[in-house]
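In what follows, a structure is listed as structure tokens, so that the remarks can point back to it.
Just so it is clear, none of the values below were taken in a lab; they were calculated from the coordinates. Keep in mind the model is a prediction, meaning the values are calculated, not measured. Ideal geometry is used to build each Cβ from the backbone, glycine not excepted, and the neighbour counts take in all protein chains shown.
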Amino acid sequence: MANEPYNKDTGGHSGRSCRMLILLPDGKIHKLSLPFLSISFREAPLTATLLAALTPPELQFDITICDASVSRVPLDHPFDLVAISIITGTAIEGYRLADLFRAKGAKVVIGGVHATLMPEEAAAHADALMTGFGETTWPKMCRDFCAGSLKPRYDGGSPDLAGLPWPRRDLQNRFGYMMPQTVFATRGCRNSCDFCAVVGAKFGWHTRPVQEVAAEVAALPGKRFAFNDVSLCEDKAYAFELCKALKPLKKKWGGLMTLRAAEDEALLDALAEAGCCYMLLGFESALSPSLTGIRKTFNTPAAYRKIVSSMHIRGMMIQGCFIFGLDHDTPDVFEKTVRMVDDLEIDIPRYAVYTPFPGTDCYRRLAEQGRLLPGCNWAWYDTQHVVIRPAKMSSEELDAGFIRAWEETFSIRSILRRLSPKRDQFVVALAGNLAYRLYRARLKKDRHRFPLSKEDTP
Ligand code: SF4
């Protein structure tokens, strides 16, 4: 029976293949929309391409992938099954699309980090809910769907990351990403930062066999790629092994890691020899008390300068993330941070506001203290809008300081101060800064910084 394609009318199988859409709703964060092209300031995600690869081939699904950040949602196409993966900032849009596709007769499955954090809420918009990792549950859900016996809920357990198929990159949008070639080696994180959705979702820590990662990287077209793991070097022994396997491939790549890992000079050597040419680091704050408040005590502001120069010396460009509105932040935090970013010569800085994702300790604490701003639905939880009452300033002060920090950091003066033509990756860093200058202009024009209507209430 499983060898026959699905028939929507009978809920079983017939002579035609089932049309499936795997959809990532639009995340407006860090993107630019031009008349004919949307550009996302991020690497290509692997969620949809990996789910497509995990789809049992004998079911003969006709699969379409849509990342709505960089392409239009194919609303006019008839689909039998629509799978939507949501994060908190895209949940409202995901629910809207889910309701729309269900009204057109498609079965809708919702999964992703937000669905894992808020299962009952997501289930109200879906025929089936998927929580956690999809490695084992996705094939089962596909088979159940084809057999006409879709279950209301599929809970992913601990994933076995050995022997995974390679993502269906052939289905992915080729344009619109800063880096279209992506791969992953690890899942989850061992730390417990209080605002982090990865911690809230209890994803744990998992690694793929190094040789499988290296084989996939070797097969990627071109010389550059990115890891989209949230904390690539969490397990140093694994990171060293990975670097050893990547070195002979002579490719250039980047990823995300913690400052604690970046303090290890031997690891930086191994990364550089393996082709690592940029890293995104969560500095989060210039102030030690603020870091303690979010349980990121392994970040030490006094160590920032040494880490940055150690990475620059090895030819690595640094993307540095900072968060405003932490409980110990006073109104002078903006100026202090902007000055620190300039002094450290962070190549591509990024600012966010403290955002309590549901399911996190941060959310529980702020909710208990009555500090969640009323009228903010999940669409406001995109880290670029204020959704809380900060402890030591007003919400309006936080928003104004946040916008001012973007403005000052992406002024020509600051860009010239931070970037050096003598540094490796100068051209890439310059292009990144110019792109963020455009993003800054969009933020500045955004007059709708706080909810205006009841529709914005969850
Ligand atoms: S280090 Fe990064 S991924 Fe890990 S818990 Fe903290 S914020 Fe989350």
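Laid out as a table, the results:
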quantity: Packing-based exposure ordering (other Cβ within 10 Å, fewest first) of Lys445, Lys223, Lys251; calculated: Lys445, Lys223, Lys251
quantity: Longest segment of the chain lacking chymotrypsin sites (Phe, Trp or Tyr not before Pro) that sit in a DSSP loop with at most 14 other Cβ atoms within 10 Å; calculated: 299-458
quantity: Estimated FRET transfer efficiency when R0 is 51 angstrom, pair Thr297-Ser17 (beta carbons, to 0.05); calculated: 0.45
quantity: Separation of alpha-carbon centers, the range 296-360 and the range 244-260, rounded to whole Å; calculated: 22
quantity: The chain - Cys residues lacking any other Cys C-beta under 4.7 Å; calculated: Cys18, Cys66, Cys142, Cys146, Cys189, Cys233, Cys243, Cys276, Cys277, Cys321, Cys362, Cys376
quantity: Subset of Lys252/Lys444; Lys306/Lys336; Lys236/Lys306; Lys202/Lys306; Lys296/Lys336; Lys140/Lys236 violating a 23 Å alpha-carbon distance limit; calculated: Lys252/Lys444; Lys202/Lys306; Lys140/Lys236
quantity: Distance in nm between pseudo-label sites at Ser149 and Phe175 (7 Å out along the Cβ direction from Cα); calculated: 4.7
quantity: Magnitude of the charge dipole, the chain, Cβ model with Lys/Arg +1 and Asp/Glu -1, debye to 20; calculated: 980
quantity: Beta bridge orientation in the chain: antiparallel %, DSSP, nearest 5; calculated: 15
quantity: Computed lengthening from Ala219 to Leu75, 0.36 nm per intervening residue step minus Cα-Cα distance; calculated: 48.5 nm
quantity: Positive minus negative residues near Leu291 (Lys, Arg vs Asp, Glu; Cβ under 14 Å); calculated: 0
